[in-house]
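Participant: For reference, the structure I am asking about is given below.
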Amino acid sequence: MGPLKNEKEEQSIILISDDEAESTLGSSVLLVDSLEKSALEEQKSEVVVDEESELVVTFCKQAKVMPHARYDCTSHPFERAESETCSPLGSNAEVCSQCYCYICDKLASECQSWTRPSLCHCNAHHKSRFWKEQRALALAGVLAMFNLELTDIDADLRHGGDLLIKFTQELSVEYNKYLAGERRDSRPQECFCLPKLPPGKCSVCRSRSTEVVYRYSAVFALVSRFLNQAEKESPKAAAVMFLGAAKEIAGHKDPALSWQNLRLPESLKIAVPCLLQRITTKLQRMLVLCDFPKGLYEKFVSFFQYISLPCHCFGFSNSLNVVPWDHVSLTTVLRGQNLTGQRTQKGRKTFLWEALPVIEARVERLLGRKSYKEVVRYLRAVKCSDTNGLRDLRDKIPFYLCKAGDFLDAAHSLLFPVSSLACCTACRITHHHFEVYLKIFRTGSVPAGNDILDCGLWTAAGPPLKDGVLMKQALKLLYSSALLYRNPKCWSSLIMVLGSSSQLESNGHLQPLSLQEPPPDFQKAVLAVSGGLLEELKARVSVSFCPAIFSSPLHHEACLILAVQAVQQMLFCDLPYLTSFLEIALAFGNNFWALRLLLDHLCCDEHILHGTVTLILRDLSLQKAPMLKLWQSLGPQYVGEFLCLFLTCRHKKMQSIGLCALSIITENLQGCPWAKHLSNFFHNAGLRNLPLGSTAQQEISNFMNIFEQQ
């Protein structure tokens, strides 16, 4: 009920019904005529009940006339027609002070089209389908072209529509400038025809010099700025802006009558596809990542499908036909009910085929939910025309399996391709990936993020692989890729991981183990079976590790001995390709017995020995500062053990490595505060009394004398 007036001014009462459809008069107000005033006054204390409208009147006062649509005005009669727009019907043009325009939704006195021919908003009413559509168009504005209901339009959509209107106005100005073109320099141009004529005399060259050039650069820049702005808006507003921009530029025409040698962004036929590529890529991602209401989603897609694309943009016709998340082809794949993505409908085979931006967006969303198994199922089943892009995504499948705790499947996925048209992932992983995978398999922990090279925290994902299985998979990886096999960092990673605990620190650092040297008989037994195992692994046949050795209490030591044998074979076959060896030697850590075993094997071949020593000496000469820093952190005990290993070697060439390292320390005594402790280590080890040869004996004595004379 409206505001109350003074009782002396009472003339009528306006009762506003909640439901126009149920109103007795079919209008938005119900009047109680003032002639009935006396009867009402007599019953002020009584309750009046209108049974049809379920309205209860307990007290009546004169009401102020509320704003109302023109067709509901009680002061002026209204004539209805379905779609009369030529002129006002009857007294429809007459209004009271509270009459509102049904179309504009503002006071009739402010409506610019109230009586304008071909518009005539004064004739509008809510019983006409035509006038309802006109009202929706007026209230929705530019959003009406998306076929949105008024109930669909919220603040975000309206904001996007407002920005789109402003853009189309600016775009119209720039496009008209483009259509006007610009003339080339009118000065006589040099003739390039045969026979060559003087400048200005050739009609062909003269016509070219006066040709109008149409440069799309300004339009391209304006659209690009608008798309940049759209990317910063809310999803609904951005979608409206992207779709509206696509519709506008799709209608642009190139007015040039002949071919013009223009490039991006000057050429319309190059610039428009470039802009549409950007627009469709963004929209594809939004349709996957943004939870648009189903009706709005369908209207966005339908709007794009009805855009009339020029011939140079036909490739974008079906770019927004994105499979919704609840589609059966997708849901069965994600649940593991369909492993291939292939379905048969009415005797016809269909596949789950999607554009690369859509695949990337789906993977991004699934990873955000930590649905790693669903990511793997999807990437294995989906197909894409961009085979290289899909291959790069599939290369991450082993890591996603690790995140799900399925390490054995992850190891197999590294070696076996998803598609027969591509090679295995192992062919493309780097030594960094190789090391991380070994740490994952060894410890059962994974990086906390969704990238294998994340440097953050690590978390437990499942039970680690057994040593024998880890060793088998690691060697298969090395043998499957020449880049990995010839990379010393991969071999040092393998040795370092095998010599570490299965307990991983939260920062991703391994805890090194100091393994006791196993009995000679055990070493011989491992070496006896190692040759055959390595050959079988190279041949990619099914291999069974001897459980008596690799499942024994000395399984750590057995795997390390097998790694020594594999390194030896690598040196014998691929030494010329090796760029370093010092890092392999350092990877053994405190397990000097294993390093000694390797060096003893290398000494059996003069050529291999010479090449290995040359590599180590070159490494030491090029990395003096890093080595001193490393030795500072490892301490004199480790340095002493490391140098003694080479200095006491029976082969003189191996001794040269220890002497080189000793000379580096001697030259940098000020930076080696632990050098005196190293001298004490040499004294306790009795190096002066060992038959090391004159040169080695002299260098060691000189080093120890430095500290004994202090």
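Participant: So which of Ile359, Ile307 is hydrophobic (A, V, I, L, M, F, W, C), touching a Gly at 6+ places or on another chain (Cβ under 9 Å) and in a loop (DSSP other than H, G, I, E, B)?
Facilitator: Values: Ile359 fails: in a loop (DSSP other than H, G, I, E, B).
Of the residues listed, the single one that is hydrophobic (A, V, I, L, M, F, W, C), touching a Gly at 6+ places or on another chain (Cβ under 9 Å) and in a loop (DSSP other than H, G, I, E, B) is Ile307.
Participant: While we're here: Can you tell me which residues in the range 221-236 are surrounded by 22 or more Cβ atoms within 10 Å (Cβ to Cβ) and touching a Leu at 6+ places or on another chain (Cβ under 7 Å)?
Facilitator: Hits for the range 221-236 are Val223, Lys236.
Participant: Among the listed residues Asp574, Asp619, identify the single one that is in a helix (DSSP H, G or I), in contact (Cβ under 8 Å) with a residue 40 or more places away in the chain and not β-branched (Val, Ile, Thr).
Facilitator: Values: Asp619 fails: in contact (Cβ under 8 Å) with a residue 40 or more places away in the chain.
Result: Asp574 is the single residue among Asp574, Asp619 that is in a helix (DSSP H, G or I), in contact (Cβ under 8 Å) with a residue 40 or more places away in the chain and not β-branched (Val, Ile, Thr).
Participant: Can you run down the residue pairs with Cβ atoms below 6 Å, 6 or more apart or on separate chains, where the first is in the range 675-689 and without any contact (Cβ under 8 Å) to a residue 40 or more places away in the chain and under 19 Å from Ser663 (Cβ atoms) and the partner is among the aliphatic types (A, V, I, L, M) and surrounded by 15 or more Cβ atoms within 10 Å (Cβ to Cβ)?
Facilitator: Filtered contacts from the range 675-689: Ala675/Ile665; Ser679/Met704.
Participant: Could you please tell me which pairs satisfy a Cβ distance under 9 Å, a separation of 6+ or placement on different chains, a first residue in the range 281-295 that is closer than 12 Å to Trp325 by Cα, and a second residue that is part of a loop (DSSP other than H, G, I, E, B)?
Facilitator: Leu287/Leu320; Leu287/Val322; Leu287/Pro324; Val288/Val322; Val288/Trp325; Lys294/Pro324; Lys294/Asp326
Participant: Could you please give the count of residues in the range 411-447 that are assigned to a loop (DSSP other than H, G, I, E, B), at pLDDT 90 or above and surrounded by fewer than 18 Cβ atoms within 10 Å (Cβ to Cβ)? Spell out the reasoning first.
Facilitator: To start, the set of residues in the range 411-447 that are assigned to a loop (DSSP other than H, G, I, E, B) comprises 416-424, 428-430, 444.
From what is left, the residues that are at pLDDT 90 or above are 428-430, 444.
Right, trim to surrounded by fewer than 18 Cβ atoms within 10 Å (Cβ to Cβ) and you get 428, 430.
Number satisfying all stated conditions: 2.
Participant: Quick one: in the range 586-614, of everything that is free of Cβ contacts under 8 Å to residues at least 40 places away in the same chain and of a type outside the set (D, E, K, R), which residue is surrounded by the most Cβ atoms within 10 Å (Cβ to Cβ)? Walk me through how you get there before you give the answer.
Facilitator: Kept after step one, since they are free of Cβ contacts under 8 Å to residues at least 40 places away in the same chain, are these residues of the range 586-614: 598, 600-602, 604-608, 614.
Okay, now just the ones that are also of a type outside the set (D, E, K, R), so 598, 601-602, 604, 607-608, 614.
On the way: Leu598: 21, His601: 19, Leu602: 24, Cys604: 10, His607: 9, Ile608: 16, Thr614: 14.
Selected residue: Leu602.
Participant: Mind checking which residues of the range 322-352 are surrounded by 13 or more Cβ atoms within 10 Å (Cβ to Cβ) and hydrophobic (A, V, I, L, M, F, W, C)? Before the answer, list the steps.
Facilitator: Initially, the range 322-352 is screened for residues surrounded by 13 or more Cβ atoms within 10 Å (Cβ to Cβ), giving 322-325, 329-334, 338, 341-343, 351-352.
If the condition is that a residue be surrounded by 13 or more Cβ atoms within 10 Å (Cβ to Cβ) and hydrophobic (A, V, I, L, M, F, W, C), then Val322, Val323, Trp325, Leu330, Val333, Leu334, Phe351, Leu352 are the ones that fit.
Participant: Determine if the range 539-548 includes at least one residue that is modelled with pLDDT under 90 and in a helix (DSSP H, G or I). Spell out how you get there, then give the answer.
Facilitator: Keep residues of the range 539-548 that are modelled with pLDDT under 90, which gives 539-548.
Now restrict to residues that are in a helix (DSSP H, G or I): 547-548.
Yes, that holds for at least one residue.
Participant: Considering only the range 577-590, how many residues are of a type outside the set (Gly, Ala, Ser) and in a helix (DSSP H, G or I)?
Facilitator: Number of matching residues: 5.
Participant: Within the range 481-507, work out how many residues are in a helix (DSSP H, G or I) and surrounded by fewer than 20 Cβ atoms within 10 Å (Cβ to Cβ).
Facilitator: So the first thing to find is which residues in the range 481-507 are in a helix (DSSP H, G or I), and the list is 482-485, 488-498.
With the extra rule that they be surrounded by fewer than 20 Cβ atoms within 10 Å (Cβ to Cβ), the set shrinks to 482-483, 485, 489.
Qualifying residue count for the region: 4.
Participant: To continue, here is another question. Within the range 621-659, restricting attention to residues that are among the hydroxyl-bearing types (Ser, Thr, Tyr) and at pLDDT 90 or above, which residue is surrounded by the most Cβ atoms within 10 Å (Cβ to Cβ)? Give the derivation first.
Facilitator: Let us first name the residues in the range 621-659 that are among the hydroxyl-bearing types (Ser, Thr, Tyr), namely 621, 633, 638, 648, 656.
If we keep only those that are at pLDDT 90 or above as well, we get 621, 633, 638, 656.
Numbers: Ser621: 11, Ser633: 7, Tyr638: 17, Ser656: 19.
In this case the residue turns out to be Ser656.
Participant: State the number of residues belonging to the range 116-165 that are crowded, with 16+ Cβ neighbours inside 10 Å, under 15 Å from Pro235 (Cβ atoms), among the charged types (D, E, K, R) and out of contact with any Ser or Thr (no Cβ under 9 Å at 6 or more places or on another chain).
Facilitator: 2
Participant: Would you point out which residue out of Lys653, Lys629 is over 22 Å from Leu599 (Cα atoms), out of contact with any Lys or Arg (no Cβ under 9 Å at 6 or more places or on another chain) and of a type in the set (Lys, Arg)?
Facilitator: Details: Lys653 fails: over 22 Å from Leu599 (Cα atoms).
Going through Lys653, Lys629 in turn, the sole match is Lys629.
Participant: Yes or no: Val240 surrounded by fewer than 18 Cβ atoms within 10 Å (Cβ to Cβ), among the β-branched types (Val, Ile, Thr) and more than 16 Å from Glu170 (Cα to Cα)?
Facilitator: No, not satisfied.
Participant: Checking Gly90 against (1) under 52 Å from the mean Cα position of the chain (by Cα); (2) on the phi > 0 side of the Ramachandran plot: exactly one of these is not met. Which one?
Facilitator: With respect to (1) under 52 Å from the mean Cα position of the chain (by Cα); (2) on the phi > 0 side of the Ramachandran plot, Gly90 is out only on (1).
Participant: Can Gln670 be described as over 21 Å from Ala585 (Cβ atoms), within 53 Å of the chain's Cα centre (by Cα) and in a helix (DSSP H, G or I)? Let's see the steps before the verdict.
Facilitator: Details: over 21 Å from Ala585 (Cβ atoms): yes; within 53 Å of the chain's Cα centre (by Cα): yes; in a helix (DSSP H, G or I): yes.
For Gln670, the condition - over 21 Å from Ala585 (Cβ atoms), within 53 Å of the chain's Cα centre (by Cα) and in a helix (DSSP H, G or I) - is met.
Participant: Identify the single condition in (1) modelled with pLDDT of 90 or more; (2) exposed (fewer than 14 other Cβ atoms within 10 Å of the Cβ); (3) in contact with a Gly (Cβ under 7 Å, 6 or more places away or on another chain) that Gly456 does not satisfy, given that it satisfies every other one.
Facilitator: Here Gly456 clears every test but (1).
Participant: Among Ala246, Ala221, Ala237, which is the only one that is among the aliphatic types (A, V, I, L, M), at pLDDT 70 or above, out of contact with any Phe, Trp or Tyr (no Cβ under 8 Å at 6 or more places or on another chain) and closer than 30 Å to Asp291 by Cα? If you could, list the steps in order and put the result at the bottom.
Facilitator: Working: Ala246 fails: out of contact with any Phe, Trp or Tyr (no Cβ under 8 Å at 6 or more places or on another chain); Ala221 fails: closer than 30 Å to Asp291 by Cα.
That would be Ala237, the only listed residue that is among the aliphatic types (A, V, I, L, M), at pLDDT 70 or above, out of contact with any Phe, Trp or Tyr (no Cβ under 8 Å at 6 or more places or on another chain) and closer than 30 Å to Asp291 by Cα.
Participant: If you take the residues of the range 382-404 that are hydrophobic (A, V, I, L, M, F, W, C), farther than 13 Å from Val363 by Cα and more than 16 Å from the chain's Cα centre (by Cα), which of them is surrounded by the most Cβ atoms within 10 Å (Cβ to Cβ)? Before the answer, list the steps.
Facilitator: Taking the range 382-404 as the starting set, the residues that turn out to be hydrophobic (A, V, I, L, M, F, W, C) are 382, 384, 390, 393, 397, 399, 401-402, 404.
With the extra rule that they be farther than 13 Å from Val363 by Cα, the set shrinks to 384, 399, 401-402, 404.
Within this subset, residues satisfying the condition of being more than 16 Å from the chain's Cα centre (by Cα) are 384, 401-402, 404.
Values: Cys384: 19, Leu401: 23, Cys402: 26, Ala404: 20.
My answer is Cys402.
The values are calculated or read from the model by the stated rules, or taken from the named source; none is laboratory data. Everything numeric in this text was worked out from a predicted model, so none of it was measured. Reconstructed Cβ throughout: ideal geometry from the backbone, glycine too, with neighbour counts over all protein chains shown.
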